[in-house]
């Protein structure tokens, strides 16, 4: 499958769960949430328009770790059943065949987790009673000795770290819990969370980890930012360890995320469903002084499917595997201005939708009624309405028809190229309720879907990987 000669660089991917690029200071967020990651971006290259087109976790990591799109992996739903296609090798399998030691931290059972030689888990959840949730310190506790072990071997290593801090529950320790908030989270005059508490599918889950009587959305948003800042500090510990061991500059460091996060936007409440840009736009930073320029920002569009070809190029590992993406380095060098600027998007966590995004327009098409009672067609002008607050589908039927035609043509072309079905349109009981089939109404979806507490959320992710 692969070949190599001599000692290759080590590879460490920080594949962070639920980290939105829009909440990172190096991506222009006004709060200083990521000083250590900012430093990595100054020492490496940052890709400004890097997207995870296929939401959620299961499909996000599948694209990140295979170099394939959703048609190539056939992984589109959170509750994906069975393994990923055997014909699609993972990065761990490719690098293992090339002589790498491979370790996964906190990422096991996902279809794209196949092929690591060692899996190590840590506690990455929590509840209000268990607060604070020291997720990143728990990760470091198992990662620090593993880095030391791998650094002492006579082979290069590949390590994937799945940080869980930006994934709810957001329960960072002091002082991060108050770093970005100085108000009264239980102010009875504040009604910014009224809609959240009225959202029956999730309200019990929120009650399990938010403060009793919480009324202020800005408090919860600040907990997300605090969790990101806390994680950033803990990542700094690992970067310093690599430096102390004398292997930092011979290690390809990648910062990315499976998807972003929705806070109080779009009524999607502290989760990562919806194919709005706060869920699609994720970070991509690479530090590797031997081949990646420092202090560079690349404006072209690029995607998860481009990461594996990039890593293999930087590490000089050859493979006969086929990829749907191409190396990010052609953008960094300026040889190519951008990868495709309009692209296909999907989500299949709590809603089943697909869409088409261009630099100017975002089209979303519901494949069945959703539990937010949203319209079946949504259209946003990303130039005049970058936060996607005003659906203009009814006023622009011609644009809807044009974008839908491009979407359908893309689906037909990829089906023909792969000889495989469109996965988002062949999901059966994607919601996990056997025999129910697609929802007939939004009310049915609203009354059926429910998540009760962080333990149930953790079990849901575990069951989705069986």
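No value in this document is a laboratory result; all are computed from the given coordinates. Just so it is clear, the model here is predicted, and its values are computed rather than measured. Don't worry about glycine lacking a Cβ; one is built from the backbone with ideal geometry, like all the others, and counts go over all protein chains shown.
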> Given a cut-off of under 8 Å on Cα pairs at least six residues apart, what relative contact order in percent is computed for segment 2-341?
Replying inline: 32
>> Rounded, prolate or oblate for segment 234-375? Axes are the square roots of the Cα gyration tensor eigenvalues, ordered a ≥ b ≥ c, and the cut-off for rounded is a/c under 1.5.
In response: prolate
>> Per DSSP helix of 4 or more residues, -39500 (n - 2.57); summed, then divided by the residues of the chain. What does that give at 222 nm, rounded to the nearest 500?
In response: -9000 deg cm²/dmol
> Based on the alpha-carbon gyration tensor of segment 345-462, what equivalent-ellipsoid semi-axes (square roots of 5 times the eigenvalues) come out, in whole Å, largest first?
Replying inline: 27, 20, 13
> Where both partners of a DSSP beta bridge lie in the chain, what percent of those bridges are antiparallel, to the nearest 5?
Replying inline: 50
> What order do you get for 165, 306, 154 when you list them from fewest to most C-beta neighbours inside 10 Å?
Replying inline: 154, 306, 165
> Along the Cα-to-C-beta direction of residue 121, a point sits 7 Å from the Cα; which residues of segment 52-82 have their amide N less than 16 Å from that point?
Replying inline: none
>> Please compute the contact order of segment 207-282 in relative form: average sequence separation of alpha-carbon pairs under 8 Å and at least six residues apart, divided by the residue count, as a percent.
In response: 21
>> For the pair residue 448/residue 108, report the inter-label distance in nm, with labels modelled 7 Å from Cα in the Cβ direction.
In response: 3.3
>> Just to check, using Stokes-Einstein with a Kirkwood Rh over alpha carbon pairs, what's the diffusion coefficient of segment 333-380 at 4 °C and 1.567 mPa s in µm²/s?
In response: 106
> Zone of residue 373 (label point 7 Å along Cα→Cβ, backbone N under 14 Å): which residues in segment 231-267?
Replying inline: 267
>> Quick check: residue separation of residue 141 and residue 338 times 0.36 nm, minus the Cα distance between them. What number comes out in nm?
In response: 67.0 nm
> So what is the relative contact order for segment 273-349, in percent, with contacts set as C-alpha pairs under 8 Å and at least six apart?
Replying inline: 37
> Classify segment 294-356: rounded, prolate or oblate, from the alpha-carbon gyration tensor (a ≥ b ≥ c, eigenvalue square roots; a/c under 1.5 rounded; otherwise prolate if a/b is larger than b/c)?
Replying inline: oblate
>> To make sure I understand, if each residue's beta carbon is the centre and we count other beta carbons within 10 Å, what order do 45, 418 fall in, fewest to most?
In response: 418, 45
> Which entry in (1) 48.5; (2) 24.0; (3) 21.0 matches mean projected area of the Cα convex hull in nm² derived from the coordinates of this structure?
Replying inline: (3)
>> What does the C-alpha gyration tensor say about the overall shape of segment 171-223? Classify as rounded when a/c is under 1.5, otherwise prolate if a/b is larger than b/c, or oblate.
In response: oblate
> So, by mean Cβ neighbours within 10 angstrom, what's the order for 351-358, 223-230, 325-332 with the highest one leading?
Replying inline: 223-230, 351-358, 325-332
